[in-house]
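Notes to accompany the following structure.
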């Protein structure tokens with residue numbers, strides 16, 4: 001069997017110096033039927049290794065309900081990497097950041113356990129059980145057992161969060177006890193404090209950066225005096241948030257930095273080679289004083305775009321890699337232009353009407369208290385006589401306020417809204433959306449919904465009904481036989497939300513599609529029951545990627561759950577439209 005180890009100056013493959021030239025593909029952001037295509041294109045760019053995180057909350061969204069099949073079939077993903085003749089790097093966290101909701105940690109864990117990312121015993125017990133499940137998949141696929149896995153990472157940029165050496169030591173112990181024999185690494189941004197706090201003796205330190213490569217390699221070398229230098233997150237692009245711009249990086253500048261790394265003999269992992277998509281409700285969020293939920297696309301301005309097409313960066317990087325390693329002569333074939341067409345949407349009626357079955361509580365119940373993993377909870381309460389100033393301690397994250405069925409306005413966490421004036425009415429309804437959980441630092445696991453007291457002119461409102469709304473289940477219920485069960489909107493309200501809409505369309509063959517959402521407000525879209533994710537006129541993203549395996553030859557269906565208002569037509573366009581850039 002092949003061996004892989006760390007030498008005095010290099011990685012060693014069967015004793016010979018080896019430069020790792022890797023790229024990131026997150027299996028959980030790519031349709032499983034497209035994994036092989038994306039991996040193959042990585043090889044054609046000259047990469048010899050594929051890196052992936054493991055998203056705990058994708059595998060175990062509810063405690064004890066472990067799933068490693070379908071989209072979560074990490075073993076199959078690694079086998080496809082191996083079949084392509086490539087190596088693999090696995091980063092199981094348990095925390096991954098990755099702009100993925102809650103940094104990859106399950107809500108059931110972060111909502112009930114103290115001492116996150118520390119040696120707190122109850123947290124360690126859950127983490128240990130998780131890692132052992134992952135290692136059941138990874139251990140038999142290590143390179144010294146005939147598989148592709150050559151490196152495994154302990155935690156993730158831990159030096160930016162804490163300095164609990166006992167925690168890291170425990171992770172290493174669990175990893176080795178599970179039969180992991182390949183070298184173990186850590187990654188941190190190249191600052192003295194982060195590199196000191198984020199690793200242990202015996203773990204190989206690597207860096208994460210996207211510029212000033214020579215300077216940062218020098219910093220890394222001070223902290224890792226022997227062995228290969230490695231930038232295990234070479235940031236070749238960036239992520240986007242709602243209300244911002246589409247981030248891009250200069251192709252020539254990125255290629256030049258890659259050249260510097262490879263010329264120095266450093267190993268590299270390009271983050272990302274192919275970003276993919278935050279399908280469903282999987283986007284994370286930033287909050288550095290202002291809450292900014294991330295968009296559905298995770299294109300990342302990567303060498304392979306969101307739809308798997310090579311970009312200018314693909315060819316520039318390929319030319320650089322060819323100076324240092326063999327690159328296949330073959331180039332990836334360009335995909336066909338996606339069909340462009342329009343279909344009319346038919347109204348399916350109101351879809352956020354909450355039933356009265358929810359129990360009455362003194363305070364509104366959070367998403368977490370309800371065990372609710374979908375996007376919306378509707379809160380209803382009877383009002384005393386008279387209107388006034390409605391005040392809420394905290395709204396997480398966006399709320400639509402109405403009284404007696406009439407909209408009053410919105411409260412936004414991003415805008416730091418806390419109060420709104422409401423007229424005299426009998427019933428107050430507040431529809432709250434979880435727009436994405438913060439994926440880093442000490443906001444991990446924060447509760448969602450209406451937080452704290454809700455008062456009217458300083459008097460607490462009590463007697464709340466908190467009704468969870470599962471948007472995927474609602475969309476699935478919209479069959480022809482059930483259409484009559486939804487209340488039809490009055491004619492004057494056509495186009496106003498929250499309303500459900502649907503359309504049928506035909507295709508000659510299964511194909512990638514790009515759903516144009518520029519004429520819509522805010523909501524969720526589904527094709528043939530496949531949850532594409534969120535759309536929002538706030539931009540920058542204007543199209544939703546529909547992967548070909550989610551479509552079929554013949555009849556197809558589209559369901560749209562709109563929260564505000566839309567033009568009742570659906571347009572499919574020929575290419576991605578991810579929004580304006582800073583240039």
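The values are calculated or read from the model by the stated rules, or taken from the named source; none is laboratory data. Quantities reported herein were computed from a predicted structural model and do not represent experimental measurements. Using ideal geometry, Cβ is built from the backbone for each residue, glycine included, and neighbour counts are taken over all protein chains shown.
Values for this structure:
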| item | result |
| --- | --- |
| Qualifying positions in segment 126-144 - touching a strand residue (DSSP E or B) at 6+ places or on another chain (Cβ under 6 Å) and touching a residue at least 60 places away in the same chain (Cβ under 8 Å) | 138, 141, 143 |
| Any pair with Cβ under 9 angstrom, 6 or more apart, that starts in segment 527-542 at a residue that is in contact (Cβ under 8 Å) with a residue 40 or more places away in the chain and ends at one that is in a strand (DSSP E or B) and surrounded by fewer than 20 Cβ atoms within 10 Å (Cβ to Cβ) | 529/557 |
| Qualifying position, being surrounded by 12 or more Cβ atoms within 10 Å (Cβ to Cβ), assigned to a strand (DSSP E or B) and either under 29 Å from the mean Cα position of the chain (by Cα) or modelled with pLDDT of 95 or more (or both), among 378, 348, 415 | 378 |
| Residues within segment 1-35 that are in contact with a strand residue (DSSP E or B) (Cβ under 7 Å, 6 or more places away or on another chain) and at pLDDT below 95, tallied | 1 |
| Selection status of residue 330, over 23 Å from the mean Cα position of the chain (by Cα) and part of a loop (DSSP other than H, G, I, E, B) | yes |
| Per-region count, segment 229-263, residues under 25 Å from the mean Cα position of the chain (by Cα), in a helix (DSSP H, G or I) and farther than 18 Å from residue 311 by Cβ | 0 |
| Complete set of residues in segment 195-225 that are closer than 16 Å to residue 154 by Cα, within 26 Å of the chain's Cα centre (by Cα) and in a loop (DSSP other than H, G, I, E, B) | 198, 199 |
| Candidate set from segment 170-192 (those that are within 28 Å of the chain's Cα centre (by Cα) and free of Cβ contacts under 8 Å to residues at least 40 places away in the same chain); member that is surrounded by the most Cβ atoms within 10 Å (Cβ to Cβ) | 188 |
| Residue match in segment 233-241 (condition: under 25 Å from residue 9 (Cα atoms), in contact (Cβ under 8 Å) with a residue 24 or more places away in the chain, surrounded by 21 or more Cβ atoms within 10 Å (Cβ to Cβ) and in the same structural domain as residue 274 (by TED's automatic domain parsing)) | yes |
| Segment 452-466 - residue that is under 30 Å from residue 531 (Cβ atoms) and crowded, with 21+ Cβ neighbours inside 10 Å and, of those, farthest from the chain's Cα centre (by Cα) | 464 |
| Count of segment 220-242 residues which are farther than 26 Å from residue 30 by Cβ and touching a strand residue (DSSP E or B) at 6+ places or on another chain (Cβ under 9 Å) | 7 |
| Test: residue 217 is under 17 Å from residue 127 (Cβ atoms) and crowded, with 17+ Cβ neighbours inside 10 Å | no |
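A quick yes/no check of all residues on (1) in the same structural domain as residue 92 (by TED's automatic domain parsing); (2) over 22 Å from residue 234 (Cα atoms):
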{"site": "7", "(1), (2)": "no, yes"}
{"site": "21", "(1), (2)": "yes, no"}
{"site": "31", "(1), (2)": "yes, yes"}
{"site": "37", "(1), (2)": "yes, yes"}
{"site": "44", "(1), (2)": "yes, no"}
{"site": "51", "(1), (2)": "yes, no"}
{"site": "61", "(1), (2)": "yes, yes"}
{"site": "64", "(1), (2)": "yes, yes"}
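One line per residue, one yes/no per condition, for (1) under 24 Å from residue 222 (Cα atoms); (2) in a helix (DSSP H, G or I); (3) assigned by TED's automatic domain parsing to the domain that holds residue 443:
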residue: 124; (1), (2), (3): no, yes, no
residue: 139; (1), (2), (3): no, yes, no
residue: 144; (1), (2), (3): no, yes, no
residue: 147; (1), (2), (3): no, no, no
residue: 155; (1), (2), (3): yes, no, no
residue: 169; (1), (2), (3): yes, yes, no
residue: 173; (1), (2), (3): no, yes, no
residue: 181; (1), (2), (3): no, no, no
residue: 193; (1), (2), (3): yes, yes, no
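Conditions tested, residue by residue: (1) surrounded by fewer than 22 Cβ atoms within 10 Å (Cβ to Cβ); (2) farther than 21 Å from residue 536 by Cβ; (3) touching a strand residue (DSSP E or B) at 6+ places or on another chain (Cβ under 8 Å).
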{"residue": "363", "(1), (2), (3)": "yes, yes, yes"}
{"residue": "370", "(1), (2), (3)": "yes, yes, yes"}
{"residue": "393", "(1), (2), (3)": "yes, yes, yes"}
{"residue": "404", "(1), (2), (3)": "yes, yes, yes"}
{"residue": "419", "(1), (2), (3)": "yes, yes, yes"}
{"residue": "436", "(1), (2), (3)": "no, no, yes"}
{"residue": "442", "(1), (2), (3)": "yes, yes, no"}
{"residue": "448", "(1), (2), (3)": "no, no, yes"}
